[in-house]
Amino acid sequence: MLASILTGGVVLLLAETAVLMTLVPAGPRPYLLGFVHATIACGLLWFLHVCFLAQRRDAIHQLRGAWGEDNTTDVLRSARRRRRVWAWVDGVAVDGGDIDHVVATRHGGLVVMDSKWRSEIDDPAPLVRSAQRSAQRTRGLVHSVTERGRGRRRESGSDVPLLPVVVVWGPAQHVVLGHPVVDGVLFLPGRDLGRWIAGLDGTPMERRFARELIERIQRFDEQRRAGLRAKAASSS
């Protein structure tokens, strides 16, 4: 099906190009060609997207999860421009899954964010357990990447405050008004995330240390993913 869609798109592009090159005067031709090509390309991508949603039962869950993570990333970009966040890394691969966002804030230590898009929240317990696991894995990861090894002393990364947060996007945001804390996990509606970051007033993090810590976590993630790809390639 994918091959058929792509082949049809290429054939349509070639046919439209041939028609326009023949019938349209040279002056407006480049603009019209660009418009037609862009329209066909966008239509092709949209059709592939619809086919994905139609063919996979879990596609809508993946799509909503991607929406939540993208929305959180947009807020973090804005917070970094305002110097309320020093740095962060998305989608850190760990055993048993990944961590959505590890954020080094200016006045709140490390914040481990799970982004969720929900229509409703009947039972917060699974979200709490997921956030707690992410926080535990992040603490172990920070301890690992801040070790100097070979008998040299460790840096103070393991002493950085760490807060697990579930950022809820979608209609369920109205359920978490008031920023409830459940078993040490803070629930935030996505629309309040930027204001919450701006209001952090905990222990300050030094900018250079925060960025270096996030860079080490990012390198760890890249090395782990490269190792997993190599392992998959060798097994196949």
Requested in this report: Mind listing whichever residues of the stretch 187-224 are modelled with pLDDT under 90, open to solvent by less than 90 Å² (accessible area, probe 1.4 Å) and among the charged types (D, E, K, R)?
Outcome: Asp221, Arg224
Query - Restricting the stretch 150-161 to residues that are of a type outside the set (Asp, Glu) and surrounded by fewer than 17 Cβ atoms within 10 Å (Cβ to Cβ), the residue that is modelled with the highest pLDDT - result: Pro161
Report summary line: Phe187 vs (1) closer than 22 Å to Arg83 by Cβ; (2) part of a strand (DSSP E or B): all pass except (1)
Report task. Run Val36 past the list (1) aliphatic (A, V, I, L, M); (2) over 33 Å from the mean Cα position of the chain (by Cα); (3) modelled with pLDDT of 85 or more and report the number of the one that doesn't hold. Result -> (2)
Query raised in the report: Name the residues in the stretch 67-90 that are at pLDDT below 90 and either in contact with a helix residue (DSSP H, G or I) (Cβ under 8 Å, 6 or more places away or on another chain) or under 18 Å from Asp221 (Cβ atoms) (or both), would you?
Result: Gly68, Glu69
Query raised in the report: In the stretch 163-180, what residues are open to solvent by 40 Å² or more (accessible area, probe 1.4 Å) and within 19 Å of Asp100 (Cβ to Cβ)?
Result: Leu163, His179
Query raised in the report: What number of residues within the stretch 23-41 are among the β-branched types (Val, Ile, Thr) and more than 27 Å from Ile5 (Cα to Cα)?
Result: 1
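The values are calculated or read from the model by the stated rules, or taken from the named source; none is laboratory data. Just so you know, these numbers come straight off a predicted model, no measurement behind them. All Cβ positions, glycine included, derive from the backbone under ideal geometry; neighbour counts span all protein chains shown. Calculation scope for accessible area: heavy atoms of the full protein, side chains included, ligands and nucleic acids excluded. Shrake-Rupley method; radii C 1.70, N 1.55, O 1.52, S 1.80 Å.
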